[in-house]
Amino acid sequence: MFLLELLGIADTSSAGLSFILSNSNSKVLCSGCCGCSASSAVDAAAKALCFASQAMFTWKMISNVKTILTSSSEIIEALRHRDRLEDWRLNFQLQVIKEHLVEMGSPAIHSIPLSWCKAPSSLACFGLTHHEVSLFFCGRDLPRCLMKTFYSCGFSWF
């Protein structure tokens, strides 16, 4: 399972991006976060999906992804109806995302309520305040406050 979240601040056009890759037993395989600029919610969601899928390709974890969960229904709509986008600059990015999804074996993408995204939202908030990409492969490398959030949401580490 692949949880994806973005957290944006409207007045500065900044977004915190995060992802959590876990197995069916909520064991975290990898997670990551970063901050970036974004012109819209769809732009931020597309960047989050690109960031997460590129990390999966780099670490050769693409076969683990069967389902992608996101609180952003905009990215799901944009992937389905790319011709209806107001921002033409996203077309190439959405094309790359679709190619990544095909290489992953076409995982199902589902929209979930924001209330289910406490752990990835906390990770996105952490990413919003940092300019570098942070990847976490075991629980000990996460900040303590994030570890508590992960455990309270039912995630555990190998």
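Side notes on the structure shown:
- Within the range 112-141, being surrounded by 15 or more Cβ atoms within 10 Å (Cβ to Cβ) and of a type in the set (S, T, N, Q) holds for Ser121, Ser122, Ser134.
- In a residue-by-residue description of the range 105-115, the property of being touching a Gly at 6+ places or on another chain (Cβ under 6 Å) and not hydroxyl-bearing (Ser, Thr, Tyr) applies to no position.
- Selection count where residues are more than 17 Å from Ser111 (Cβ to Cβ), in contact with a helix residue (DSSP H, G or I) (Cβ under 6 Å, 6 or more places away or on another chain) and at pLDDT below 85, scope the range 17-42: 1
The values are calculated or read from the model by the stated rules, or taken from the named source; none is laboratory data. A quick note: this is a predicted structure, and the numbers were derived from the prediction, not measured. Here Cβ is always computed from backbone atoms with ideal geometry, including for glycine, and neighbour counts include all displayed protein chains.
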